[in-house]
Amino acid sequence: MNIDVKEQVKAVFDEVVEKANLINGSILVIGCSTSEIIGSPMGTDSNLALADDVYSVFYPKLKSRGIYMAVQCCEHLNRALVVEKELADKLMLEQVNVVPQPKAGGSSATTAYKLFDNPVIVEHIKADAGIDIGGVLIGMHLKETAVPLKLINKTIGEARVIAARTRPKFIGGIRAVYDENLL
């Protein structure tokens, strides 16, 4: 992989972890089109080597911080997610039976499935933050109140990067008082 792309992945990771205030136990959902990174239309040029390079940056950094990674499969697997079994058990998520492949799940999910210590596939999660690399639509896997992150690092390769964090809902109306630390 082009060293510039690897540096871009690191820069995006560092920026999102900081801006989203991710801590031990947080969940970060990642959706990634390797086709888009190399400048091809989504789903047309799946690249396992590129996915391996991308996740070789994300996974160890997240794991060392105690942050869980959920990797979204492509639409051929209904955007199911690869997660560690530990997380699925902790959240009581129902496991489904499929093994991602480059043309059914995508290179990103295929790579995560091989990289994780004890991978399982689940259909739903409510993550604390997310990174969308190439317009793969991760919003369905975020908690309800998503807040866009204004990134300095807006691309990885040719793919546009969009990220979000979540926050608790405001309830109670005009007389309510809110915890500033949760904004």
I'd like the full set of residues that are among the aliphatic types (A, V, I, L, M) and at pLDDT 95 or above, limited to region 52-71.
Ile67, Met69, Ala70, Val71
I'm trying to understand the selection: among the residues of region 38-61, which are among the hydrophobic types (A, V, I, L, M, F, W, C) and in contact with a Phe, Trp or Tyr (Cβ under 7 Å, 6 or more places away or on another chain)?
Val57, Phe58
One residue from Lys85, Lys61 being under 16 Å from the mean Cα position of the chain (by Cα), of a type in the set (Lys, Arg) and over 18 Å from Leu137 (Cβ atoms):
Lys61
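On the given criteria, is Ile152 closer than 20 Å to Lys61 by Cβ and buried (at least 21 other Cβ atoms within 10 Å of the Cβ)? Let's see the steps before the verdict.
Working: closer than 20 Å to Lys61 by Cβ: yes; buried (at least 21 other Cβ atoms within 10 Å of the Cβ): no.
So Ile152 fails the test.
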Kindly indicate whether any position in region 89-105 is buried (at least 17 other Cβ atoms within 10 Å of the Cβ), on the phi < 0 side of the Ramachandran plot and under 14 Å from the mean Cα position of the chain (by Cα).
no
Test Glu84 against the criterion of being within 18 Å of Asn118 (Cβ to Cβ), exposed (fewer than 15 other Cβ atoms within 10 Å of the Cβ) and either in contact with a Leu (Cβ under 9 Å, 6 or more places away or on another chain) or of a type in the set (Asp, Glu) (or both), and give yes or no.
no
Return a yes/no flag: does region 156-177 have any residue that is free of Cβ contacts under 8 Å to residues at least 12 places away in the same chain, within 19 Å of Ala20 (Cα to Cα) and within 17 Å of the chain's Cα centre (by Cα).
no
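The values are calculated or read from the model by the stated rules, or taken from the named source; none is laboratory data. Everything numeric here is computed off the predicted structure, so don't read it as measured data. Here the Cβ is made from the backbone with ideal geometry for all residues, glycine too, and neighbour counts use every protein chain on show.
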